[in-house]
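Working notes, beginning with the structure itself.
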Number of protein chains: 4
Amino acid sequence: MANFGGHAIPGSFFLLFGFWLTVKHILQHYWRTNQPKGRWRTPPFFKRMDYVEGGFQVFASFVGIMVEQFVVDGPHARLSNGDSWVKLMNWQHSTMYLFFGISGLALVCSTRFKGLPTGVDRFALSLALFVEGFLFYYHVHNRPPLDTHIHSLLLVAVFAGSASTMLEVFIRDNILLELFRACMFILQGSWFYQIGFVLFPLSGPEWDLTDHGNMMFVTMCFCWHLATALLLVTSTSGLIWITVSRCSGRGRDVEIGMRKTSSNSTSQKGLLEESDEE
Amino acid sequence: MANFGGHAIPGSFFLLFGFWLTVKHILQHYWRTNQPKGRWRTPPFFKRMDYVEGGFQVFASFVGIMVEQFVVDGPHARLSNGDSWVKLMNWQHSTMYLFFGISGLALVCSTRFKGLPTGVDRFALSLALFVEGFLFYYHVHNRPPLDTHIHSLLLVAVFAGSASTMLEVFIRDNILLELFRACMFILQGSWFYQIGFVLFPLSGPEWDLTDHGNMMFVTMCFCWHLATALLLVTSTSGLIWITVSRCSGRGRDVEIGMRKTSSNSTSQKGLLEESDEE
Amino acid sequence: MANFGGHAIPGSFFLLFGFWLTVKHILQHYWRTNQPKGRWRTPPFFKRMDYVEGGFQVFASFVGIMVEQFVVDGPHARLSNGDSWVKLMNWQHSTMYLFFGISGLALVCSTRFKGLPTGVDRFALSLALFVEGFLFYYHVHNRPPLDTHIHSLLLVAVFAGSASTMLEVFIRDNILLELFRACMFILQGSWFYQIGFVLFPLSGPEWDLTDHGNMMFVTMCFCWHLATALLLVTSTSGLIWITVSRCSGRGRDVEIGMRKTSSNSTSQKGLLEESDEE
Amino acid sequence: MANFGGHAIPGSFFLLFGFWLTVKHILQHYWRTNQPKGRWRTPPFFKRMDYVEGGFQVFASFVGIMVEQFVVDGPHARLSNGDSWVKLMNWQHSTMYLFFGISGLALVCSTRFKGLPTGVDRFALSLALFVEGFLFYYHVHNRPPLDTHIHSLLLVAVFAGSASTMLEVFIRDNILLELFRACMFILQGSWFYQIGFVLFPLSGPEWDLTDHGNMMFVTMCFCWHLATALLLVTSTSGLIWITVSRCSGRGRDVEIGMRKTSSNSTSQKGLLEESDEE
């Protein structure tokens, strides 16, 4: 898929996935911080979100593999034609999708079966990102300098995401790590678009793939993408937090009112102490 | 041992070891999760497993060293013949076996003597893997590109296993890490076979050791081995978990029945709460 | 800003910032260790310090960006003049300042809003340092050996600071890590001066940028800067600790005296035990 | 000090230091595991050991610096003779000693003043090892392959020691880490001897510094040194543990006997439980 579309499609998926993760984790964080300490059972709403996410990952990976295999100039599930390998690029992309599919499966299973070890979903996602980076790393040999450089910048986002997700296996429910993961997905998505713009410009002249100035600009541009991703994640999560606080604030008032009638002083005092402690 | 057999034998050992680890750790995990919190003494069955594992490691390492030294074209325990070193390859393999032997010894000792610091067995295993990777790293200089590449992919499995085992020194009884270790051993074993197939093909034409396409295929192939290893570990542990649950489920019903007659309400309530909380 | 001043200005800022951090953290540490365990609310004085620090970071970053853009030979906010990029160096510096500005903003916000996840300020600072190192890393290609070497030594200080700050996200209130961060800022500051002295000597002959002896000296010189930074942080914090202990010692005596009149034995016994335990 | 003696002297120091650390930490570990949980005050004996160790470090570093500066062909505290740097090698060694001196000072201070943050001694030691490795890393450029290789193997021991010591800042009183540190010092010491033997052979022919076989042998030899270091640390600590257990076993019997007369059942039951739990 060496064209603009071939970079825009995965880019869009990663962007969307990053936003979805931001929304999901900020809602979970809100729920965690506003929960009295006794009740720790995940509400069905979050489980359903995880089912949707995992199921979508499995579905998208399956579609991705099929498309990579059976496009017009694809390998059509043939690996070798006797003399040489057939369309290794498409096979490599299929392999990447496979691991994201496994990650989706792990998420569904770990939501469904309580017996599975905690963190197995994060572990599988970290592995999927590692495999993506691992394949890209050997993907980019023997190319012009700017091409190599722009792809190796992608690896920074991929491996940073993989490392932070691996950390989440051991450090659970840390909102910073969760949002950082979302941020890395958004960064990866927007950087895919950038790669598309640089290597296959929609209009205007071609980029000089050997110019040192271009490489310096691209490096800096990566930092701007990072800043934008941070801004997007922060503003999205801020907006959602405020919205949810208002909605549930009203809901809670009602709840408190209801509690008041039955057991007056206790519940309210508990709420006040809670907001104090934080 | 530069032939197919020389790669198949260690490969088989690592494969078997990986499966053994999967079985052992999933049984231990089952036992841990189904234990009431008071009783934390390791049952004799697990101790016996550890003795068997450690003893086998020591034995296999000893046999390995002997074979490497006293095969027909081996060094016969001579290190130098005055002018140059004798069969350094065999000496290096012997050194690797030595450290796995030390690791086996550490496992036996740490099972036998309670005073030894916890984690000393994992530490020794991590060191053995590190030494293996360390020697392999300097092993592969001055070889054709594909040969170097296929061996350096082995290092990924070896060092990943070493790192995760080192982590186990500090994070105890984490089933994810334990199964990951098993997975890395299986990956290492199956990759040894792959190396054998590529460098010493049993039938068909020789591989072109300088072709870029071959290198890209081998990289991707490593990911498939990883996926297969994950599948094998997951399905094996799933199967064992279900089997053990059924068997002990029946056993427990009997146990509960027996407890019921003596102290009726307390024990059962405790069991229900337990399965709820998890 | 390829002149001595261009290295002295950021150097001075980093030196000052390092001293400020030393003073702030040693005061916080004193307050932490001398606090009875019940009261854990940050006093307003420390909040005000954080506001000042964050506000200053934002202000200085803004000024820095403006200066880099609108100096006489700056890019004047133009990125490209059709054919090539305009003054990428200035743009890169602006990008670095931008991330330090974000870090300052994060500090102000996390001090102001209690709901923000703990550690978000350290995370942003770590990111700012990482971006600084990341841009410098690609900054120094195609330069004479000594120039490259002296800049890559700067990276040691930058990345060490970034890593230790990232660690602070998870390990809170560890005075060693906090002072190490301060030390890394001082080292960075003094090393900026050193770079200025070497590349743009104020007097005397130019340095031979290809001499191996010069490179060896510069490496060793970096260690001396490190030793000096350690000495400065240690002596500063020691001095402040002793000063504060004396001042508050008198204050405490009064406090104890006051408590004595009301609840005699309890409070004093608690204080004695406290100083014992440590 | 480019001769055999120049490698044997630091080697002997590191060997001795490694043994000292083994003895010290195994005694501390014995004391920790045999202490009832209430009493956690370090006995004066261990404090005295730390004073001796720190004092010796400071003294040896001072002597080392003096020797490096004022030997016959030393720099005599002159850094530059106008045109070029004077004896940078000796200056680099002096710098290494300086940091070990700082580490000794930190140990003495952290033993003397209870207010210092825990782990400051380990931090300083880790830094000293890092600086040693850092200087060695740039030390070995432009040398024959075997010379470079044998020195870079030394770096493995140095950086592994530095990393594990840094870990000790956060993971306190872990006997495995402490003995690993001792092991790395012994390895470093014995490897200094090996470097001396290879580069300045006392008898027999010179080593061919470009032969690939020699490099492979040296790599393997490093692993044998590691195995020997492990054996030495294990056997030393085992011996000391058994000796101390016997001695204090008799002492304890007496103690128990004395306790028995006063408060019979309680104390003994406590001791039994203790040895059970472990």
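Largest GNM mean-square fluctuation across D:236, D:210, D:148, computed for chain D with C-alpha springs under 10 Å, falls on D:210. Note on chain A: GNM, Cα springs under 10 Å; of A:194, A:57, A:69, the largest mean-square fluctuation is that of A:69. Going from the isolated chain to the complete set of protein chains, segment A:223-238 loses at least 10 Å² of heavy-atom accessible area (1.4 Å probe) at A:223, A:224, A:226, A:227, A:230. Inter-label distance, residue A:2 to residue D:113: 6.5 nm, where each label sits 7 Å from its Cα along the C-beta direction. Structure note, pairs C:114/D:114; B:114/D:47; A:24/C:47; D:24/D:114; A:114/C:114: Cα-Cα distances above 24 angstrom occur for C:114/D:114; B:114/D:47; A:24/C:47; A:114/C:114. With a ≥ b ≥ c the root eigenvalues of the C-alpha gyration tensor of chain D, is it rounded (a/c under 1.5), prolate (a/b larger than b/c) or oblate? In terms of gyration-tensor shape, prolate. For the pairing of chain C with chain D, what total accessible surface becomes buried, with a 1.4 angstrom probe, in square angstrom to the nearest 100? Result for this pair: about 2300 Å² buried.
Charges were assigned to the Cβ only: +1 to each Lys and Arg, -1 to each Asp and Glu. The resulting dipole of segment B:4-277 about its Cα centre is roughly 1380 debye. Computed packing ranks the peptides D:84-91, D:177-184, B:119-126 as D:177-184, B:119-126, D:84-91, most packed first, by mean other Cβ atoms within 10 Å.
Note on residue D:137/residue A:244: beta-carbon distance plugged into 1/(1 + (r/R0)^6) with R0 of 41 Å gives a FRET efficiency of 0.20. Just the protein heavy atoms count here, and of the accessible area of segment D:4-277 at 1.4 Å, carbon and sulfur take up 67 percent.
Using the Cβ-Cβ distance between residue D:47 and residue A:72 with R0 = 60 Å, the FRET efficiency computed as 1/(1 + (r/R0)^6) comes to roughly 0.15. Per-residue 3J(HN,Hα) values for segment A:211-217, derived from phi via the Karplus relation 6.51 cos²θ - 1.76 cosθ + 1.60 with θ = phi - 60°, read 6, 5, x, 4, 5, 5, 5 Hz in sequence order (x marks Gly and Pro). Here the relative contact order of chain C, from alpha carbon pairs under 8 Å that lie six or more residues apart, stands at 25 percent. Helix A:264-277 and the longest principal axis of the C-alpha atoms of chain A enclose an angle of approximately 40°. 222 nm [θ] for chain A, helices only, -39500 (n - 2.57) per DSSP H run of 4+, per residue, to 500? The per-residue figure over chain A is -28000 deg cm²/dmol. A Förster radius of 22 Å, combined with the Cβ-Cβ distance separating residue C:16 from residue C:197, puts the computed FRET efficiency at roughly 0.70. For a paramagnetic label modelled at 7 Å from the Cα of residue A:210 toward its Cβ, which residues of segment A:129-154 fall within the zone defined by backbone nitrogen distances under 14 Å? Residues passing the 14 Å test: A:143-147. Rounded to the nearest whole Hz, the Karplus-based 3J(HN,Hα) values (6.51 cos²θ - 1.76 cosθ + 1.60, θ = phi - 60°) of segment D:17-24 follow the sequence 4, x, 5, 4, 5, 4, 4, 4, with x at glycine and proline.
Go through A:52, A:84, A:209 and say which Cα lies farthest out towards the positive end of the charge dipole of chain A; charges sit on Cβ, +1 for Lys and Arg, -1 for Asp and Glu. Most positive-ward Cα: A:52.
Taking every protein chain into account, the accessible area of chain B amounts to 49 square angstrom per residue (probe 1.4 Å).
Between the helical axis of D:44-70 and the longest alpha-carbon principal axis of chain D there is an angle of about 10 degrees. With θ taken as phi - 60° and the Karplus curve 6.51 cos²θ - 1.76 cosθ + 1.60 applied, the whole-hertz 3J(HN,Hα) list for segment C:111-125 is 6, 6, 9, 5, x, 5, x, 4, x, 5, 5, 5, 4, 5, 5 Hz, x standing for glycine and proline. Computed from Cα atoms, the angle from the helix D:145-170 axis to the main principal axis of chain D rounds to 30 degrees.
Between A:52, A:156, A:71, the GNM of chain A built on Cα springs shorter than 10 angstrom shows A:71 fluctuating the most. For segment D:1-159, the residue among D:146, D:29, D:75 whose Cα projects farthest onto the positive side of the dipole built from Cβ charges is D:29.
The values are calculated or read from the model by the stated rules, or taken from the named source; none is laboratory data. These figures come from a predicted structure and were not determined experimentally. Methodologically, a virtual Cβ is constructed for each residue, glycine included, from the backbone with ideal geometry; neighbour enumeration extends over all protein chains shown. Just the protein is used for accessible areas: all its heavy atoms, side chains included, with ligands, DNA and RNA removed. Shrake-Rupley method; radii C 1.70, N 1.55, O 1.52, S 1.80 Å.
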